[in-house]
Structure formats: structure tokens, C-alpha cells
Amino acid sequence: QVQIVESGGGLVQPGGSLRLSCVTSAQGFSKYRMGWYRQAPGKQREWVATIYSSSATHYAESVKGRFTISRDNAKSSVYLQMNSLKPDDTAKYYCKANWLDDDYWGQGTQVTVSS
């Protein structure tokens, strides 16, 4: 079982920045595909960004150019740098680790973008 803990959420004004962190207990972390997802009140959880074991990245169109996903294999961690935040980015953000058929989720961290 992989434990995942997200942190870094908070309240930020539109146009501001936040950096989310996700620490895992995954053995052999470097082989995991890591992703960030978010869920706003009353909406389905949606994919935000993925980083592969190769460090290749993919982003949802809604965050492309504003968010950057990165990983530190030595710390078994993944990060999401969020810039130019908008009110529509308000959601609970979740980190997911994937290896073959196994998915592991954290409990999430709340991000609120409001003036």
C-alpha cells in the first residue's frame, strides 16, 4: 500500500501562485506515473497534469502554460507549480500514483482562488 500526502493548498488572490507538494511512501518511486487531479464542489473529479517515469509531462488544456508538474525521485515527491491562478481553479487537488493496474490517491489539499 502506498501512502500519499498532499500539502501546499490555501487561499490565494486571482493572478497569484501556489506550489502543491505530494509526498509518497512508494518503493521504487521513479517507476510510478504521477498525476494531479482536482474536484470542484458539485463537479466530477478532473485530470490536471501527469508526469511519467521518463519525466515527460502532459497537461489539461485549461491549465497548460500556467501549471507545471515536476518530480523529485530522491524524495519520492511530485509537485504542481500553479501560476496565474483563476477563480475557476478553485477545487480540492488530489495526487495519484499509478504503477501497472494499481492506483493510489491522497486525501487532497484545498485551493481557493478568491479576492
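Could you list, in sequence order, all residues of region 98-112 that are farther than 20 Å from V63 by Cα and either of a type in the set (A, V, I, L, M) or not in a strand (DSSP E or B) (or both)?
L100, D101, G106, Q107
Name the strands (runs of 3 or more DSSP E) wholly within region 1-89 that hold at least 2 residues that are open to solvent by 60 Å² or more (accessible area, probe 1.4 Å) and modelled with pLDDT of 95 or more?
Result: 18-24, 33-39, 46-51.
The values are calculated or read from the model by the stated rules, or taken from the named source; none is laboratory data. Everything quoted here is computed from the prediction, not taken from an experiment. Each accessible area value is taken on the protein alone, full model and side chains, heavy atoms only, with ligands, DNA and RNA left out. Shrake-Rupley method; radii C 1.70, N 1.55, O 1.52, S 1.80 Å.
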